[in-house]
1. Which numbered condition in (1) open to solvent by 40 Å² or more (accessible area, probe 1.4 Å); (2) within 17 Å of residue 279 (Cα to Cα) is the only one that residue 305 fails?
2. Which of (1) within 19 Å of residue 450 (Cβ to Cβ); (2) in a loop (DSSP other than H, G, I, E, B); (3) open to solvent by less than 10 Å² (accessible area, probe 1.4 Å) does residue 326 not meet, given it meets every other one?
3. Could you tell me whether any residue of region 240-250 is out of contact with any Asp or Glu (no Cβ under 9 Å at 6 or more places or on another chain), closer than 26 Å to residue 464 by Cβ and assigned to a strand (DSSP E or B)?
4. Here is a list: 424, 477. Which entry is of a type outside the set (A, V, I, L, M, F, W, C) and either under 21 Å from the mean Cα position of the chain (by Cα) or open to solvent by less than 20 Å² (accessible area, probe 1.4 Å) (or both)?
5. What's the total number of residues in region 251-272 that are among the hydrophobic types (A, V, I, L, M, F, W, C) and within 35 Å of the chain's Cα centre (by Cα)?
6. Considering only region 329-363, state which residues are open to solvent by 10 Å² or more (accessible area, probe 1.4 Å), touching a Cys at 6+ places or on another chain (Cβ under 9 Å) and among the hydroxyl-bearing types (Ser, Thr, Tyr).
7. Go through (1) touching a residue at least 24 places away in the same chain (Cβ under 8 Å); (2) in a strand (DSSP E or B); (3) surrounded by fewer than 20 Cβ atoms within 10 Å (Cβ to Cβ); (4) not β-branched (Val, Ile, Thr) and name the single condition residue 418 misses.
8. Check region 480-494 and report whether any residue there is open to solvent by 10 Å² or more (accessible area, probe 1.4 Å), in a loop (DSSP other than H, G, I, E, B), β-branched (Val, Ile, Thr) and within 30 Å of residue 352 (Cα to Cα).
Amino acid sequence: NMSSMDPIEPKTIKNLTLQSLKRTYDLFQGNHGQRIPLDEQSQRRKLAIKIKDEYAVVRDLPSNFQIASKAPASQTTASAIDPTRNAVAGRAHPSGAPPKEEKPSALQRLIDDLPKSDDKATNGTNNQVVLYRENSKALSNLKSEGDVSGGVTSATVIRRLPSKWPKPAWHAPWKLYRVISGHLGWVRSVGIDPSNEWFATGSADRTIKIWDLASGQLKLTLTGHIEQVTGVKISPRHPYMFSCALDKMVKCWDLEYNKVIRHYHGHLSGVYSLELHPTLDVLMTGGRDSVCRVWDMRSKTQAFCLSGHDNTVCSIISQSADPQVITGSHDATIKLWDLAAGKAMSTLTHHKKSVRAMVMHPTEFTFASASADNIKKFVLPRGNFLHNMLSNQRTIVNTMAVNEDGIMATGGDNGSLWWWDWKTGHNFQKEQVQVQPGSMESEGSIFASSFDVTGTRLITCEADKTIKMWKEDETATPETHPGLPFRPPKDIRRF
């Protein structure tokens, strides 16, 4: 009777899964550890294609090719026809005794069964190894088209040597030890006093503030600009401070009276960069009018208008030897200027994006430039390219600073602060700055940075209206803080 039978209980998902697993196990447990049998047809086709693609040139040697070997003629001919035989058949015994006969593997039997190339291919010259002759016609053509000296310098012919990159010296990690707030806008620029007692910052709140370097206390606030202050420099040879802003003004401040004593008029738009000459009484300013103007400090006259860039001049560095002025622009070029003639000596087009920051090494005759694509090092006076830094910060780099210990710091638009070993280009520390409470995450940008005179303190100016001060961790050792791992470059790019 159907009604008297018990109802069938439905199986759960777990029971069904376990049942399926058991059936699968029972099905495959017999040959679980065995290898899949070799399909001869597919293996033969694979080998034939591989030999044709990779070994076609050396498989059939030319008939006049002499092999200097003591092997009998029959063995030599067999080797010449199929060089893969000797590679697999076994190596000669060091004592001179004949090697033990090895049973050929399934793969070796497949290679032996492959059809030999026809006589046309063997006797032809398209796929053969040819003997090198010094006075051949092909080589003479290469020489005439190649280097003037007669050497063949094609990158496809010359074998590249492995990279011999120097190992970087260990540097102690840097840590944040002070955050200074006081500005009411983005802090756009910083200048260090040559006596190392105070520093000045220019801000988007249109003021310049003087801070005590040791304590971080505010000493003075200077007003006068009516737009963002984008550059502040303190002269090492005069009691003067120079500032530039987006109001087209360049001002000279007398630090004995804390007042503006000179204006430098001439820019047609906002001024983005400012630099003082280390030995001459001139200053250079660059702005959105795509020129770098050279001013006589005392007479306020414009000595030169260095034109040639196609976009905003956003970074300037200067030195006492030629080239005395180097400018970087939003047009992705760097120009080296002859200050005596007022003309460009050379233009470097290595970057693909705006060159917003450049820095001169304090002791070497080199400089580095930063762009969103890479940070590059050049040697002066010609501006020859040395190498890229070994890592990419992957952001717009707004500022660079370097000290005499060979430590370079770069600050990015995304708040990343990276430390580099100048000599090798190795990035040994990465920091992500924390924004001030109440600020948005997007306000972590670093606009300016500078080491103090001793090179032991780093000052960064940021979009969260703060100034941050960094110093080396004195307790760190190479064992406790080894830094980021160093990976030498595999291929050194020439640009």
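The values are calculated or read from the model by the stated rules, or taken from the named source; none is laboratory data. It should be emphasised that the depicted structure is a prediction, and the values quoted were computed from it without experimental measurement. Here the Cβ positions follow ideal geometry from the backbone for every residue, glycine too, while neighbour counts run over all protein chains shown. Each accessible area value is taken on the protein alone, full model and side chains, heavy atoms only, with ligands, DNA and RNA left out. Shrake-Rupley method; radii C 1.70, N 1.55, O 1.52, S 1.80 Å.
1. Only one criterion is unmet by residue 305, namely (2).
2. The failed condition is (2).
3. Taking every residue of region 240-250 in turn, at least one turns out to be out of contact with any Asp or Glu (no Cβ under 9 Å at 6 or more places or on another chain), closer than 26 Å to residue 464 by Cβ and assigned to a strand (DSSP E or B).
4. Result of the check over 424, 477: 424.
5. 1
6. Scanning region 329-363 gives a single hit, 354.
7. All conditions are met except number (3).
8. Just the residues of region 480-494 that are open to solvent by 10 Å² or more (accessible area, probe 1.4 Å), to begin with: 480-494.
Those left that are additionally in a loop (DSSP other than H, G, I, E, B): 480-494.
Next, only the ones that are β-branched (Val, Ile, Thr) stay: 480, 492.
Filter once more, keeping what is within 30 Å of residue 352 (Cα to Cα): 492.
Yes.
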